[in-house]
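A.B. asks: Sharing a structure with you now.
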Amino acid sequence: MKNNKKAKELAVFALFVFPAVAFVLFATDIPFVMNLYYSVFDWNGVGKSMTFVGLDNYIKIFTHDTLFWKGVRFTLKFAIFYVIIVNLLSLTVAIVMARENKVNSVGRAFYYVPYIISLTAISLIWKFILGPGFEALYTVTGWDIFNWSWLGTPKLAFYVVVIMAVWQNLGFYMVNYIAGIIAVPTELLEAARIDGATAFQVFKKITLPLIMPAVSICMLTSLTFAFKLFDIIMVFTKGGPANSTVSVAYNIYKEAFVNSKYGLATAKSLVFVVFVLLVTAIQMKITKSKEVEA
Amino acid sequence: MNKKPKNLRQVNALTIIIFLCSIFWLMPLVLIFINSFKPYNDMIQDFLALPKSWSLAMYIETWTKFKFPMLIGNTLLYTFCTVIMIVLMAPMAAYKLARTKSRLSKVCFVLIIMPMMVPFQSYMITLTRLVANVNLTGKRMGNILVNIGLCMPLAVYMIHGFVKNVPIELEECACIDGAGKIRTYFSIVLPLLTPILTTVVVLDTLATWNDIITNQLIVGGNASAMNIQNALYMQFSAQTADWEHALPGIVMSMIPSLIFFITMQKHIVGGITAGAVKG
């Protein structure tokens, strides 16, 4: 009798939970575990011949792979630029546009729109503006800035990627900051103002400490976004010019799908995972320690 | 008392500056829109000007030449199937996982949540291998199954957090009244989850409609199963793009997202903020 009831409960549990688990297993968990397996083989992804090479792939990454480390340097540099610029800009916009009124809600929507547009559209839009658009503007204005080869010069291409990423995502961070700012109790702000604090003092001493949860979410998401930078590179620059915008994730992708070195690519994937998890863990610890209660 | 008006004026000046910047922020989209009506020569000569005529000829040509009905059909199919399957399965799993305290339940929860912690890029290579092994490469079914799997973790995670705040007494009442487990779920629990389900639907609709990476990886160059984003990417990302067709194409691919944004603005903004924990 008791066993019967247990079996029935298990059946209901399976009915409710297993379909979801099956899909996740198929699309993510199993591929992730397959990484571990392939990473110790030398394999071109198509043929049947797989040679067991032990930890050779990992050793290769740390000793011979200059392009991978170039990618690491690019990704870190991108992360520094992106995290600072996008957070400063979005926080500024959020502070100014936090109050509810018509002008602000229209302005916020404008900032937000690029975030809901597909990456294909975004990359084609920027390609058009930097290409024919700048060409046209150069003939009108004669300014050199429109004549530079923005996508053909390694240094400039880096800034294009940063600008595009900031342009696309600013709205997302802005909304998060606004949610934090709205939650700050107005009595505190009024009390400080009555005591004669300037706007800047109020921000520094009251608003900023109280929106630290929002700050830590935004810092964390912008940092992980930067480390995982892939979509923009794949769709927009394809790593060019001269491999100057190859991010870590794109390097892995290329290793597999262009160079057909699946074993090496999966080993890199695992190094990449450890790297991302480590940095986010450190980041979380730092910002969490700065949060205060209202 | 003298200070206040001055402060107010400062704030207003700042607001105006930031607002003007927001118009500037939107400029790339506006420029694409106005140039999509021009022949190529006019784009170069009068980049900033309004088009001489608002003729839809190029739009119609792009629509037929690049098989837009099929592309939009595919994209709609992917979006509908993914969202429907997520709405069907995610709340069931999330609800049961939140209400069952057993080791099996914990294991299942970890299996579902794990992908949120590791970046997609780290397993996409082996994912394409797996999809190829089960003969789903280049097929619509492959794209749908993968999309569902990729959207599931965040959906379950968000609903799971929500279910914990739904009072358990309601279900007990229904049980005492003699309703079965499945009936209790559909008639009592599911309606209570509407707010969080709206968020999930909004997030997954946008994600699937705008998806290019999954479609690129799974479907690749198979024209009949491409979604609209992938097709635009394949057609127009070459070195010398055919802008006369590309621009109307971009605009048409954006219109559904924009309409969706305007009508669902509140839910989108709220939902994406709620999804931010995903990290």
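The values are calculated or read from the model by the stated rules, or taken from the named source; none is laboratory data. Because the structure is a prediction, the values reported are computed rather than measured. As a convention, Cβ positions derive from the backbone with ideal geometry for all residues, glycine included, and neighbour counts pool all protein chains shown. To get the accessible areas, we keep the full protein, side chains included, count just its heavy atoms, and leave off ligands, DNA and RNA. Shrake-Rupley method; radii C 1.70, N 1.55, O 1.52, S 1.80 Å.
A.B. asks: Tell me which residues come under 5 Å, amide H to amide H, from A:PHE41 once H is placed; ignore anything under 5 positions away on its chain.
C.D. replies: A:VAL53
A.B. asks: Find the centroid of the Cα atoms in segment B:126-165 and in segment B:200-253, then give the distance between the two in whole Å.
C.D. replies: Answer, in whole Å: 19.
A.B. asks: Name the residues of segment B:26-45, by number, that are at least 40 Å² less accessible with every protein chain in place than in the isolated chain; the surface is that of heavy atoms, probe 1.4 Å, without ligands or nucleic acids.
C.D. replies: With the partner chains in place, segment B:26-45 has these residues losing at least 40 Å²: B:LEU26, B:PRO28, B:LEU29, B:ILE32, B:ILE44.
A.B. asks: Only helices at least 15 Å long along their axis, Cα-based, and averaging 0.5 or more on Kyte-Doolittle count here, so list those DSSP H runs from chain B.
C.D. replies: B:3-35, B:68-99, B:103-117, B:140-163, B:194-210, B:243-274
A.B. asks: Please identify every one of the GluC sites (Glu not before Pro) in segment B:95-191 that sits in a loop by DSSP and has no more than 10 other beta carbons within 10 Å of its own beta carbon. Each step should come with its number before you reach the end.
C.D. replies: Values: sites: B:GLU169, B:GLU171, B:GLU172; in loops: none.
The qualifying sites: there are none.
A.B. asks: Where does the charge balance sit around A:ALA14 when Lys and Arg score +1, Asp and Glu -1, over other residues with C-beta under 13 Å from its C-beta? All intermediate terms of the calculation are to be shown ahead of the outcome.
C.D. replies: On the way: positive: A:LYS6, A:LYS8, B:LYS96, B:LYS181; negative: A:GLU9.
It works out to a net charge of +3.
A.B. asks: Rounded to the nearest 100 Å², what is the sum over both chains of accessible area buried where A meets B, with a probe of 1.4 Å?
C.D. replies: Details: alone 18020 and 17320 Å², together 27390 Å².
For chain A against chain B, roughly 7900 Å² becomes buried.
A.B. asks: Within the set A:LYS70/A:LYS155; B:LYS38/B:LYS67; A:LYS102/B:LYS266, which residue pairs have Cα atoms separated by over 18 Å?
C.D. replies: Those over the limit are B:LYS38/B:LYS67.
A.B. asks: While we're on this one: Need one word for chain A: rounded, prolate or oblate. Basis is the Cα gyration tensor (sqrt eigenvalues a ≥ b ≥ c); a/c below 1.5 gives rounded, then a/b vs b/c decides.
C.D. replies: Oblate.
A.B. asks: Further question: Could you name the aspartates and glutamates in cross-link range of A:LYS60, using Cα to Cα under 20 Å and dropping any fewer than eight places away on the same chain?
C.D. replies: A:ASP42, A:GLU255
A.B. asks: Taking all protein chains together and a probe of 1.4 Å, list B:ILE34, B:ILE188 from the most accessible to the least accessible. It would help to have the intermediate numbers written out before the result.
C.D. replies: Values: B:ILE34 15, B:ILE188 55 Å².
Order by accessible area, largest first: B:ILE188, B:ILE34.
A.B. asks: From other protein chains only, count the Cβ atoms within 10 Å of every residue's Cβ in A:123-135, then give the mean.
C.D. replies: 6
A.B. asks: I've got another one for you. Sorted by packing (mean other beta-carbon atoms within 10 Å per residue), highest first, where do A:71-83, A:264-276 land?
C.D. replies: A:264-276, A:71-83
A.B. asks: Right, here's the next one. May I ask you to evaluate 6.51 cos²θ - 1.76 cosθ + 1.60, the Karplus curve with θ = phi - 60°, for each residue of segment A:215-229 and list the ³J(HN,Hα) values in order in whole Hz, giving x for glycine and proline?
C.D. replies: Whole-Hz 3J(HN,Hα) from phi for segment A:215-229: 4, 5, 4, 5, 4, 5, 5, 5, 5, 5, 4, 5, 5, 8, 2.
A.B. asks: Straight-line reach from A:LYS5: which lysines have Cα under 29 Å away, leaving out those fewer than 8 places along the same chain?
C.D. replies: Answer for A:LYS5, where 29 Å is the Cα cut-off: B:LYS96, B:LYS101, B:LYS106, B:LYS164, B:LYS181, listed by chain and number.
A.B. asks: Over all residues in B:112-120, what is the mean tally of Cβ atoms on other chains that come within 10 Å of each residue's Cβ?
C.D. replies: Shielding by partners across B:112-120 averages 6.
A.B. asks: Same structure again: Exposed loop sites here are GluC sites (Glu not before Pro) in DSSP loop states with at most 15 other C-beta atoms within 10 Å. What is the longest stretch of chain A lacking them? Working shown, then result.
C.D. replies: Details: sites that count: A:GLU100, A:GLU291, A:GLU293.
Result for the longest clean stretch: A:101-290.
A.B. asks: Report, by chain and number, residues whose modeled amide H sits under 5 Å from the one on B:GLY138, excluding near sequence neighbours (fewer than 5 apart, same chain).
C.D. replies: For B:GLY138, the qualifying residues are B:VAL219.
A.B. asks: Can you pull the percent of the protein assembly as shown's accessible area that's carbon plus sulfur, 1.4 Å probe, other chains left in place? Before the final figure, lay out each step's value.
C.D. replies: Values: 18550 of 27390 Å².
Here carbon and sulfur together make up 68 percent of the probe-accessible area.
A.B. asks: Sort segment A:133-274 into rounded, prolate or oblate with this rule: let a ≥ b ≥ c be the square roots of the eigenvalues of the Cα gyration tensor; rounded if a/c is under 1.5, and if a/c is not under 1.5, prolate when a/b is larger than b/c, oblate otherwise.
C.D. replies: Oblate shape, in that a/c is at least 1.5 and b/c is the bigger or equal ratio.
A.B. asks: Place +1 on the Cβ of every Lys and Arg and -1 on the Cβ of every Asp and Glu in segment A:100-231, take the dipole about the Cα centre, and give the residue among A:LEU223, A:PHE134, A:TRP148 whose Cα lies farthest towards its positive end.
C.D. replies: Going by the Cα projections, it comes out as A:LEU223.
A.B. asks: A follow-up question, please. Using the Cα centre of the protein assembly as shown as the reference point, and only Cβ charges (+1 on K/R, -1 on D/E), how large is the resulting charge dipole? Debye, rounded to the nearest 20. Intermediate values should be presented prior to the final figure.
C.D. replies: Values: 46 positive and 26 negative charges, 221 e Å.
Roughly 1060 debye for the protein assembly as shown.
A.B. asks: When Cβ neighbours within 10 Å are restricted to other protein chains, what is their mean count per residue of peptide A:8-19?
C.D. replies: If you average over the peptide's residues, the count of other-chain Cβ atoms is 6.
A.B. asks: While we're on this one: Determine the per residue accessible area of segment A:215-270 with all protein chains present and a 1.4 angstrom probe, expressed in square angstrom.
C.D. replies: 24 Å²
A.B. asks: Rounded to the nearest whole Å³, what is the per residue volume of the convex hull around the Cα atoms of the protein assembly as shown?
C.D. replies: That works out to 191 Å³ per residue.
A.B. asks: With +1 on each Lys and Arg Cβ and -1 on each Asp and Glu Cβ, and nothing else charged, work out how big the dipole of segment B:152-270 is about its Cα centre, in Debye to the nearest 20.
C.D. replies: Roughly 100 debye for segment B:152-270.
A.B. asks: Follow-up. Is chain B rounded, prolate or oblate when judged by the Cα gyration tensor, a ≥ b ≥ c being the square roots of its eigenvalues, rounded requiring a/c under 1.5 and prolate requiring a/b larger than b/c?
C.D. replies: Oblate shape, in that a/c is at least 1.5 and b/c is the bigger or equal ratio.
A.B. asks: Then there is this: Within chain B, which is the longest segment that contains none of the trypsin sites (Lys or Arg not before Pro) sitting in a DSSP loop with at most 12 other Cβ atoms within 10 Å?
C.D. replies: Segment B:165-279 is the longest.
A.B. asks: To the nearest 10 Å², what's B:CYS108's accessible area with a 1.4 Å probe?
C.D. replies: That residue has around 10 Å² of solvent-accessible surface.
A.B. asks: To continue, here is another question. Considering only protein heavy atoms, what is the solvent-accessible area of A:HIS64 at a probe of 1.4 Å, reported in Å² to the nearest 10?
C.D. replies: Rounded to the nearest 10, the figure is 140 Å².
A.B. asks: Right, another one. Could you state the number of Å between the C-alpha centres of segment A:242-290 and segment A:56-70?
C.D. replies: The two parts, judged by their Cα centres, are 13 Å apart.
A.B. asks: Hey, another quick one. Please calculate how many Å² of accessible area segment A:62-114 carries per residue, with a 1.4 Å probe and no DNA, RNA or ligand atoms counted. Intermediate results must be reported in sequence, preceding the final value.
C.D. replies: On the way: 2690 Å² over 53 residues.
For segment A:62-114, the solvent-accessible area averages 51 Å² per residue.
A.B. asks: Moving on to the next point. Taking loop as defined by DSSP and a crowding limit of 16 other beta carbons within 10 Å, which chymotrypsin sites (Phe, Trp or Tyr not before Pro) in segment B:34-93 fit?
C.D. replies: On the way: sites: B:PHE37, B:TYR40, B:PHE47, B:TRP54, B:TYR59, B:TRP63, B:PHE66, B:TYR78, B:PHE80; in loops: B:PHE37, B:PHE47, B:TRP54, B:PHE66.
Here the sparse-neighbourhood loop sites are B:TRP54.
A.B. asks: Considering only protein heavy atoms, what per residue accessible area in square angstrom results for chain B with a 1.4 angstrom probe?
C.D. replies: Numbers: 13370 Å² over 279 residues.
Per residue, chain B has an accessible area of 48 Å².
A.B. asks: Give the ranking of A:ILE129, B:ILE72, B:ILE60 by solvent-accessible surface, highest area first, calculated with a 1.4 Å probe.
C.D. replies: On the way: A:ILE129 15, B:ILE72 35, B:ILE60 105 Å².
Highest to lowest solvent-accessible surface, that is B:ILE60, B:ILE72, A:ILE129.
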